[in-house]
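> There's a structure below that I have some questions on.
The values are calculated or read from the model by the stated rules, or taken from the named source; none is laboratory data. Keep in mind that this is a model prediction, so the values were computed, not measured. We place every Cβ from the backbone using ideal geometry, glycine too, and count neighbours over all the protein chains shown. Ligands, DNA and RNA are stripped out before the accessible areas are found, and what is left, the full protein with its side chains, is counted by its heavy atoms. Shrake-Rupley method; radii C 1.70, N 1.55, O 1.52, S 1.80 Å.
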Number of protein chains: 4
Amino acid sequence: MIIQLKQDIQEADKLFMEQVLNQLKIEFYPVQTQKGTYLICTPKQEFDIRKIGHLKGINDVHRVSGNHKMVSHKWKVDRTVLDLGDGVVIGDGNLSMMAGPCSIESEEQIDKVVEALKANGVRIMRGGVYKPRTSPYSFRGLGMVGLKMFYKACNKNGIKIITEIMESSQIEDMLPYVDIFQVGARNAQNFNLLEALGEIDKPVLLKRGISGTIDELLYSAEYVFKNGNEKIILCERGIRTFESAYRNTLDLNAVPILKEKSHLPVVVDPSHGIGLRQHVAQMALAGAVVGADGLLVEIHETPEKAATDGQQTLDFKEFERLMTKLNQLKEIIK
Amino acid sequence: MIIQLKQDIQEADKLFMEQVLNQLKIEFYPVQTQKGTYLICTPKQEFDIRKIGHLKGINDVHRVSGNHKMVSHKWKVDRTVLDLGDGVVIGDGNLSMMAGPCSIESEEQIDKVVEALKANGVRIMRGGVYKPRTSPYSFRGLGMVGLKMFYKACNKNGIKIITEIMESSQIEDMLPYVDIFQVGARNAQNFNLLEALGEIDKPVLLKRGISGTIDELLYSAEYVFKNGNEKIILCERGIRTFESAYRNTLDLNAVPILKEKSHLPVVVDPSHGIGLRQHVAQMALAGAVVGADGLLVEIHETPEKAATDGQQTLDFKEFERLMTKLNQLKEIIK
Amino acid sequence: MIIQLKQDIQEADKLFMEQVLNQLKIEFYPVQTQKGTYLICTPKQEFDIRKIGHLKGINDVHRVSGNHKMVSHKWKVDRTVLDLGDGVVIGDGNLSMMAGPCSIESEEQIDKVVEALKANGVRIMRGGVYKPRTSPYSFRGLGMVGLKMFYKACNKNGIKIITEIMESSQIEDMLPYVDIFQVGARNAQNFNLLEALGEIDKPVLLKRGISGTIDELLYSAEYVFKNGNEKIILCERGIRTFESAYRNTLDLNAVPILKEKSHLPVVVDPSHGIGLRQHVAQMALAGAVVGADGLLVEIHETPEKAATDGQQTLDFKEFERLMTKLNQLKEIIK
Amino acid sequence: MIIQLKQDIQEADKLFMEQVLNQLKIEFYPVQTQKGTYLICTPKQEFDIRKIGHLKGINDVHRVSGNHKMVSHKWKVDRTVLDLGDGVVIGDGNLSMMAGPCSIESEEQIDKVVEALKANGVRIMRGGVYKPRTSPYSFRGLGMVGLKMFYKACNKNGIKIITEIMESSQIEDMLPYVDIFQVGARNAQNFNLLEALGEIDKPVLLKRGISGTIDELLYSAEYVFKNGNEKIILCERGIRTFESAYRNTLDLNAVPILKEKSHLPVVVDPSHGIGLRQHVAQMALAGAVVGADGLLVEIHETPEKAATDGQQTLDFKEFERLMTKLNQLKEIIK
């Protein structure tokens, strides 16, 4: 059960309400986000909403059965729309493209990608500066130096930045330069990081765990929301299976199911989802067709020379062809 | 290595060729299909094709590295096109729809589906008469009685029939009534059945195993081809993973990869691939977008009353809407 | 619900009972095995057993909730013990060893294995004559010629034979020479084969499917039992997962769970379960420790020269060492 | 390639060596642990060790092919033995028991467990104070308050403490009270945490990821080692598969394979590995039989009242019976 409080609720009314809940022996969690004030209740038995619905300061009370509360479609019927400023919006029914290299490498590299994005009307650039790598002997990213470079080039071109964060201690430094914080598949259940990201006021894109279930992804989102941040994007990026003909098994089933269960926008990453450059565009189109709100695509001027993930990265011509096809799809998708 | 022989090769030339191969200690398998005569060679070392290329009766010699031979795209560059007669073709670049109920139930049921197919220009009807069921206490299908009913209704309407076969002993009875024999996921590696289907001259649709790899699906096709039947269709129908929010994980990655590795047509079954009626149409569209040659969709007049699989079956209106969307997609896909 | 009938029930009493069930609208399946006569009932609602318990000819009535009926531990508390004759018993609380080569290759090979078995007091020999192979170009086994060889050598030494059957059409020829029919992982849901094996009076060992669930394995056993054969052995042989450091993931969890759910004996195949010769013995010991009724182990005089599966096959010395360790474990296991 | 330097190597010799490697264009990573000083080299081509073997200050040079370096058995033949003080040792060939509740709940609870451990000669107690939970609405542990309680009770009884850490920021506070830091399955690839734990001088137990591969577990260990901490324990705790009859699939195959690939001690967690109290003891015995250096077992005075994981927790009598059986196994295992 979710009790949505009035924004201007009096402290005394709030306290009274909490006393009532305590008397009724209903466990509750106060949640204060950018957009609202809530009490999440997890009553053990069926509970008659009328017992509290009349209390002062309540905006609305929603029954939310099931395990997920704040991220559930059951209480919030309208889909969440994220406004990044400068006309960049995610979740409004249009397909939001996020493209860029796996790793930020150099100013020159960034500039070239920015040009390619502008040529295709893309407003969000991806690029890693902290790279989680299976082996400690692999390239780990340029860190804050890279992020500042990244910011400089994007900022003057009205391009928004999405980049991965690996630990809560990085938030403070990264915050001024990042528009969307990405949590990678390996950190999908790093609850300390999720809670820390719940305390900021910038969108957080959550990648599904390497073998994460749809339920777990929603719970991870619940962690962010419960700590105060409603600006969440869910991302399907392929799961681990026994198949070895490609990198991951892109689970497009997850898209309509996530959109049915949750009000949050859903993005597809076809680059990691298949891991093979020659097939990325087809999987991107499929992602759009099943209802994704956005696509996260790896592009690079010369994929074969990319510091990381070159084998799944599109070059600019391939990306342009993909954008053309996506534009043709637009009417059909709606 | 595949040696493609001339159709009119003299028996003496063939014998001589086999003697040469024996002398060169190259293991070979003679294959005689509806369309050609081949010697499949599996030499253990690198082999100089010129040592045999000049022999009489040879049409062509193809180097085919990798494990799959006859089904590989490496020797047969042109895609396989299957002509079922009466203008029904699979693999020619158009999307072939195969729709119908999970189980054949009654004449009335069949007639209604036939009408729905005709209204949408669909030429192939699916319907099970032998049903592999996990539990022996479930409905097992109407058998030959059902198949004859099925045939009667389809034949007079120019509709082709695809239905599942479970054991080689059923071939003889079923052969006159079936246009495409379907091998189910549970029989994907029933090699005796595959070999028996290699001896007939009707198309065989092979579903990927419940947790079958792409490689295994191609090997299963190789069994059919090697025994003499080139008319094979590959079908992606979802794999088993840890996710329980839906029935199977539809692996759309498999479609471009199968088409890259093999010359055989590839069909997608979104009904089993997600198992949830409300999402089947979206997954069907995605199947078309990633390059499927056809779709296998479960439809029924009243899905909620269907003998089997009702929860993943479209009603006629939902099917019509899907067909409209698929038609809109046509130009983009090409 | 399982109604166990008296062996000497009168036909009239049986008919009357069926009429009563029909009147009560309870679906039922008559089952006649080597050991008993049963009516399996699948009532849709809660049902008061007293409504039928008094009828003539009834031995016992068991409530069996859950999906599995005949194979369930709920109605049959005593564990099933299989007597193969000549003092060879499976499921009596002792560990039954079944060892031998993956493939039967020659008389000489068989004789050597037989000697090794006798030296270690092993009474059941495994050996394949029909080999299900992923690729059609692999060795497929010696067929009936091999089976007869196998029988000749074992019969005179009091050794029982377990070998794989691939299709119901093989039963008739194989029956005189086989003591236990093995159904391989790829045929775990070949329901026609399972039903055909339900009609014979010899034990059937069912391997779990390649990614088969515990439930599915029990359902496959239910098929055999329902068709009349109570002599069933369940076999855990490893499942397919994402891990590639070994062949299959031996699921030893399955052993105590199968023994909890079912009264049937459970056997472990450590050879396929890990697929690496140097680790087979350790996994065999673990299988014994978790409660297996038997072990199925691949042995060969010279594993490196074996026609198939040499990389997971023990030589005779390794096997002897394993037997010594297993004997030491005996007291602890009980 | 691993260059093991002399402990008393002169700074000048070290610099010279690095210059030589730079000239040879060999990438290298200096590693300084509690026990040694190393240069890890990842040459791209075959490299003749003699080119550097004569340099001053080198103790030994080891060729280590494969991806794992410091954790590999290839350079360190002797197994790693961890001495926790007060006679508590892990990896010396004896089975090290680590037992205790899932969550630390109260002083009384801890005292009772301590008594049970002492009665069975167990020297290491497990107990969570920071609990990673899928849902933010679940019990999250008592934190530092609980850890201090835990320490007080154990310290006076000579019992060592293993407990989970979730974020690097917790290390400083926890360090004085913890003997072994456990990294949970969800943090198996939290590289920032792993690196931070590489900087302390206390043992780190790494749980395999929820669907982590054996390779990935070794890489995670490599992160800790490379950052300076050689005191690492690997832990198999079950992987995620499609099977739902139990909690996780305990992968006992992983034990002999980890011990073959790495010199680090390997521990098995049968409690999470099967997740069902009635079967934990059997899986624990199996873990011992396949060669585990230790077992991590959940116990509680009254499992049904435990704050978390009660369904997989042994009571004290069950634990005592398990210890008795493990003692009986001792001779056979060796």
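> Under 20 Å from a point 7 Å along the Cα-to-Cβ line of D:TYR29: which residues of segment D:177-191 have their amide N that close?
D:183, D:187-191
> If you rank C:LYS226, A:LYS156 by how much accessible surface each has, with a 1.4 Å probe, what is the order from largest down?
Sorted descending by solvent-accessible area, the residues read A:LYS156, C:LYS226.
> Further, regarding this structure: Angle between the Cα long axis of helix A:214-226 and the longest principal axis of chain A, 0 to 90 degrees, nearest 10?
70 degrees
> From the backbone phi of segment A:327-334, what are the Karplus-calculated ³J(HN,Hα) couplings (6.51 cos²θ - 1.76 cosθ + 1.60, θ = phi - 60°) in whole Hz, Gly and Pro given as x?
Once θ is set to phi - 60°, the couplings for segment A:327-334 become 5, 5, 6, 2, 5, 5, 5, 4 Hz.
> For segment D:2-62, just say rounded, prolate or oblate: build the C-alpha gyration tensor, square-root its eigenvalues into a ≥ b ≥ c, call rounded for a/c under 1.5, and beyond that prolate if a/b exceeds b/c, oblate if not.
prolate
> Measure nothing fancy, just the Cα-based angle from helix C:143-155's long axis to the longest principal axis of chain C, in degrees from 0 to 90, nearest 10.
Relative to chain C, helix C:143-155 is tipped by roughly 90 degrees.
> Name the residues of segment A:182-214 whose accessible area, probed at 1.4 Å, falls by at least 10 Å² once all protein chains are in place instead of their chain on its own?
A:ARG186, A:ASN187, A:GLN189, A:ASN190, A:PHE191, A:ASN192, A:GLU195, A:ARG208, A:ILE210, A:SER211, A:THR213, A:ILE214
> Here's something else I'd like to know. Please work out how much length the chain gains when fully extended from C:ASP13 to C:ASP48, using 0.36 nm per residue of separation minus the C-alpha to C-alpha distance, in nm with one decimal. Walk me through the intermediate numbers first.
Details: separation 35, 0.36 × 35 = 12.60 nm, distance 2.02 nm.
Extending this stretch completely gives an extra 10.6 nm.
> Another question, then. So what is the accessible area of chain C per residue, in Å², with the probe set to 1.4 Å?
On the way: 12530 Å² over 334 residues.
On a per-residue basis, chain C sits at 38 Å².
> Each residue of segment B:159-173 in order: what ³J(HN,Hα) in whole Hz does its phi give by Karplus 6.51 cos²θ - 1.76 cosθ + 1.60, θ = phi - 60°, with x for Gly and Pro?
Once θ is set to phi - 60°, the couplings for segment B:159-173 become 9, 8, 10, 10, 8, 7, 10, 10, 8, 4, 5, 7, 4, 4, 5 Hz.
> Tally Lys and Arg at +1 and Asp and Glu at -1 over the other residues with C-beta under 9 Å from the C-beta of A:ASP179: what net charge comes out?
Every neighbour counted, the sum reads +2.
> For a test of the definition: using alpha carbon positions, the gyration tensor, and the 1.5 limit on a/c, classify the protein assembly as shown as rounded, prolate or oblate.
rounded
> Is there a quick way to get the dipole size of segment B:2-62? I mean about its Cα centre, with the Cβ of Lys and Arg at +1 and of Asp and Glu at -1; what is the value in debye to the nearest 20?
Roughly 60 debye for segment B:2-62.
> Name the residues whose placed amide hydrogens come within less than 5 Å of the amide hydrogen of C:LEU5, ignoring near sequence neighbours (fewer than 5 apart) on the same chain.
C:THR37, C:TYR38, C:LEU39, C:ASN59
> So, with a 1.4 angstrom probe, what is the percent of accessible area on segment B:292-334 that is carbon and sulfur?
On the way: 980 of 2040 Å².
About 48 percent, which is the carbon plus sulfur part of the accessible surface.
> Explain nothing, just the number: dipole magnitude of segment C:82-333 about its Cα centre with +1 on each Lys and Arg Cβ and -1 on each Asp and Glu Cβ, in debye rounded to the nearest 20.
Its charge dipole is roughly 380 debye.
> Students often get this wrong: which residues of segment C:114-158 have the backbone nitrogen under 18 Å from the point 7 angstrom along Cα-to-C-beta of C:ASN94?
C:117-126, C:157-158
> How large is the helix-only mean residue ellipticity at 222 nm for chain A, computed as the sum of -39500 (n - 2.57) over DSSP H runs with n ≥ 4, divided by its residue count, in deg cm²/dmol to the nearest 500?
Values: 11 runs with 111 residues, N = 334.
About -10000 deg cm²/dmol.
> Taking a point 7 Å out from Cα toward Cβ as the label site, list the nm distances between A:ARG79 and the same residue in every other copy, smallest first.
Label-point separations across copies, in nm and ascending: 3.1, 5.7, 5.8.
> Could you tell me what % of all Cα pairs in segment A:108-217 have separations over 18 Å?
52 percent
> Here's another thing I want to ask about it. Would you mind estimating how fast segment B:25-169 diffuses translationally, via Stokes-Einstein at 20 °C and 1.002 mPa s with the Kirkwood radius over Cα pairs, in µm²/s?
112 µm²/s
> Treating the Cα atoms of segment A:106-173 as identical point scatterers in vacuum, please give the log10 of the normalised Debye intensity I(q)/I(0) at q = 0.22 Å⁻¹, two decimals.
-0.95
> If I fit a long axis through the Cα atoms of helix C:107-119 and take the longest principal axis of the Cα atoms of chain C, what angle between them do I get, 0 to 90°, rounded to 10?
Long axis of C:107-119 versus the principal axis of chain C: about 80 degrees.
> Could you report the buried accessible area between A and B, both sides summed, computed with a 1.4 Å probe and given in Å² to the nearest 100?
It comes to approximately 3000 Å² buried between A and B.
> Which whole-Hz couplings ³J(HN,Hα) result when phi for each residue of segment A:232-241 is put into the Karplus expression 6.51 cos²θ - 1.76 cosθ + 1.60, θ = phi - 60°, listed in order with x for Gly and Pro?
Using θ = phi - 60°, the values come out as 10, 10, 9, 9, 8, 9, x, 10, 7, 9 Hz.
> Sticking with this structure for a sec: Could you give the length gained on full extension between A:LYS118 and A:LYS148, defined as 0.36 nm per residue of separation minus the Cα-Cα distance, in nm? The partial results should precede the final answer.
On the way: separation 30, 0.36 × 30 = 10.80 nm, distance 1.99 nm.
Extra length from A:LYS118 to A:LYS148 when fully extended: 8.8 nm.
> Between copies, how far does the label point of B:LEU24 sit from its twins, in nm, shortest first, when each point is 7 Å from Cα along Cα→Cβ?
So the distances to the same position in the other copies read 4.6, 7.4, 8.5 nm.
> Something else: Can you tally the net charge around A:ASN253? Count Lys and Arg as +1, Asp and Glu as -1, for every other residue whose Cβ sits under 10 Å from the Cβ of A:ASN253. Mind showing how you got there, number by number?
Values: positive: B:ARG247; negative: A:GLU236, A:ASP251, B:GLU243, B:ASP251.
Here the charged neighbours net out to -3.
> So what is the relative contact order of segment D:2-62, in percent, for Cα pairs below 8 Å that sit 6 or more residues apart?
52 percent
> Going 7 Å from the Cα of B:ASN157 toward and past its Cβ, which residues in segment B:113-148 have a backbone nitrogen under 13 Å from where you end up?
Flagged as within label range: B:113-127.
> For chain A, just list the percent of Cα-Cα distances falling in each 20 Å bin from zero outward, please.
All Cα pairs considered, the percentages come to 31, 54, 15, 0.
> What average count of beta carbons from other chains do you get within 10 Å of the Cβ of residues in C:281-287? Working shown, then result.
Working: counts 1, 10, 7, 1, 9, 13, 3.
Counting other chains' Cβ atoms within 10 Å and averaging over C:281-287 gives 6.
> Only protein chains counted, 1.4 angstrom probe. Which residues of segment C:144-177 are at least 40 Å² less accessible in the assembly than when their chain is isolated?
Checking the loss per residue gives C:MET166, C:GLU167.
> Now for a separate question. When the Kirkwood radius is taken over all Cα pairs of segment A:149-308, what Stokes-Einstein diffusion coefficient follows at 37 °C and 0.692 mPa s, in µm²/s? Please report the intermediate quantities before stating the final value.
Values: Rh = 16.2 Å.
Answer, rounded: 202 µm²/s.
> If you count only protein heavy atoms and use a 1.4 Å probe, how large is the accessible surface of B:ASP78, to the nearest 10 Å²?
In the full protein context, B:ASP78 sits at about 110 Å².
> Turning to a different aspect of this structure: Of D:ASN155, D:ILE110, D:LEU82, which is farthest on the positive side of the dipole of chain D, counting Cα position, with +1 on Lys and Arg Cβ, -1 on Asp and Glu Cβ, and the Cα centre as origin?
Farthest towards the positive pole: D:LEU82.
> Placing one identical point scatterer on every Cα of segment D:268-334 and ignoring solvent, what is log10 I(q)/I(0) from the Debye formula at q = 0.27 Å⁻¹?
-1.18
> Where the accessible area of segment D:2-62 is counted over protein heavy atoms with a 1.4 Å probe, how much of it, in %, is carbon and sulfur?
Carbon-and-sulfur percentage of accessible area, whole number: 47.
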